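Structure first, commentary second.
The values are calculated or read from the model by the stated rules, or taken from the named source; none is laboratory data. These numbers come from a predicted model, not from an experiment. Cβ sites come from the backbone with ideal geometry, for glycine too, and all protein chains shown count toward neighbours.
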Amino acid sequence: MFAIDLLVAVAVAYAAAVLFFFARTLTMWPRSMAFALLSVLVLGGAPMTIHGHVLIRCALAIAMIIFVMHMWDLHLDFGRASRLRLKDYAVWLGDYGWSVARVANGYGVELSWTQRGRDAAYYLGGLCLVSVLVAGAFRVDWQGHSFWLEHAAKSIYLSAWCVWAYNANTALWRLAGGPAALFTVAEKNVLGAHSPAEFWRRWNRPMYRWLLENVYKPLGGRQYLYLTGLVTFALSGLLHEYLYAVTFRCVSGYFLVFFLLQGVAALLTRRVQPAGPRVIPAIGLTFAFNLLSSVLLFLPINERLPVYVNAVPKWLYLW
């Protein structure tokens, strides 16, 4: 029964997302109304009916977010000579790595099939190795160590796992013939980011591109820098809040605080360009800031799933 409910939920949400394709020729207000109604059906209908394992609910919530992201991208693509046909749109809906249809570069379509096969083997092998390291980090007896050391080890390994898992998915998607962007690129490694602003230009490239083209620029971009910047980070926070709410059936608020904090830091450091001996300290400070602030992401998860062995310091809780 659960499997049937899950299939029905995904089918209804997917059908609603596909249906929006036929609204693309409408004028602004009717198209906006169609987007609002169908996105409510996608985000609010299917996920709330599933009561299975948290990982299944998490995967379902991610799928719903991807659907709505693509619907919004198509909504803004009105009048821009979109290259998508119905068949392309139907495939594109499930491809998170192809986040913006009207941007053609960086999706790996120019790679040979041999190179795609090599990339798939490389990232799958790396994912297996990182998975072993993550499992090892969670098997360590952390009771004899400080909370911050435990948090540092687990957050670093989990972040690495997310990068490799996503890149493995991208490589497989490319191998299947679909365009998809990597989570990060080697020439812009996130560990080399010298400021929060630079970090977010490198982290999660598909989401960065989507937010840039579909939120930041339409709101005015640099003309209203602080407003558009904070709104962009706030929206990212709300998407993560939705993911948490569907997965754990409760509201957090910590994700929104985290992304607003990061948004402020990114805006304040947007012009930081260290050179010479200042580069290494800048990289170290950025890494430390991200490591400390990431506690806000793990606190609500730890309330539902035991992430830490050590007790979390009470002063870290905001409410």
Handout entry: Residues within segment 121-141 that are surrounded by 12 or more Cβ atoms within 10 Å (Cβ to Cβ), within 10 Å of Tyr157 (Cβ to Cβ) and either free of Cβ contacts under 8 Å to residues at least 24 places away in the same chain or over 23 Å from the mean Cα position of the chain (by Cα) (or both), tallied
Key = 2
Practice task
Please list, ordered by first then second residue, the pairs with beta carbon atoms under 6 Å, 6 or more apart or interchain, first in segment 298-319 and in a helix (DSSP H, G or I), second surrounded by 14 or more Cβ atoms within 10 Å (Cβ to Cβ) and modelled with pLDDT under 95.
Solution key: Phe298/Val307; Pro300/Ser252; Ile301/Val307; Arg304/Phe248
Practice task
Test Arg271 against the stated conditions and say whether it is out of contact with any strand residue (DSSP E or B) (no Cβ under 8 Å at 6 or more places or on another chain), assigned to a helix (DSSP H, G or I) and either of a type in the set (Phe, Trp, Tyr) or loosely packed, with under 14 Cβ neighbours inside 10 Å (or both).
Solution key: no
Practice task
Please enumerate the residues belonging to segment 296-319 that are among the aliphatic types (A, V, I, L, M), farther than 17 Å from Glu241 by Cβ and surrounded by 15 or more Cβ atoms within 10 Å (Cβ to Cβ).
Solution key: Val307, Val309, Val312
Exercise for the section: Tell me which of these Pro281 doesn't satisfy, since it passes every other one: (1) at pLDDT 90 or above; (2) surrounded by 17 or more Cβ atoms within 10 Å (Cβ to Cβ); (3) not basic (Lys, Arg). Expected result: (2)
Fill in the blank from the handout: Counted residues in segment 1-42 being under 20 Å from Asp88 (Cβ atoms) and in a loop (DSSP other than H, G, I, E, B) come to 3
Exercise for the section: Please name all residue pairs, on different chains or six or more residues apart, with Cβ atoms under 8 Å, provided the first residue is in segment 258-269 and is at negative phi and touching a residue at least 60 places away in the same chain (Cβ under 8 Å) and the second residue is crowded, with 21+ Cβ neighbours inside 10 Å and in a loop (DSSP other than H, G, I, E, B). Expected result: Ala266/Ser195; Thr269/Ser195
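Here is a yes/no grid of residues against (1) within 19 Å of the chain's Cα centre (by Cα); (2) of a type in the set (Lys, Arg):
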{"site": "Val272", "(1), (2)": "no, no"}
{"site": "Arg278", "(1), (2)": "no, yes"}
{"site": "Ala288", "(1), (2)": "no, no"}
{"site": "Val295", "(1), (2)": "yes, no"}
Handout entry: Only listed residue being surrounded by 15 or more Cβ atoms within 10 Å (Cβ to Cβ), part of a helix (DSSP H, G or I) and under 18 Å from the mean Cα position of the chain (by Cα), chosen from Ser252, Ser236
Key = Ser236
Problem - Among (1) at pLDDT 95 or above; (2) farther than 19 Å from Leu297 by Cβ, the one test that Ala152 misses - result: (2)
Exercise for the section: Could you list all residues from segment 66-105 that are more than 19 Å from Thr232 (Cα to Cα), assigned by TED's automatic domain parsing to the domain that holds Trp29, surrounded by 14 or more Cβ atoms within 10 Å (Cβ to Cβ) and modelled with pLDDT under 80? Expected result: Phe78, Ser82, Leu84
Handout entry: Where a residue in segment 149-178 is outside any helix (DSSP H, G or I) and its partner, wherever it lies, is surrounded by 18 or more Cβ atoms within 10 Å (Cβ to Cβ), with Cβ under 7 Å and at least six apart
Key = Gly178/Asp95; Gly178/Trp98
Completion exercise
The one condition Val264 fails out of (1) in a helix (DSSP H, G or I); (2) surrounded by 16 or more Cβ atoms within 10 Å (Cβ to Cβ) is (2)
Practice task
Please enumerate the residues belonging to segment 206-231 that are in a helix (DSSP H, G or I), modelled with pLDDT of 90 or more and among the basic types (Lys, Arg).
Solution key: Arg209
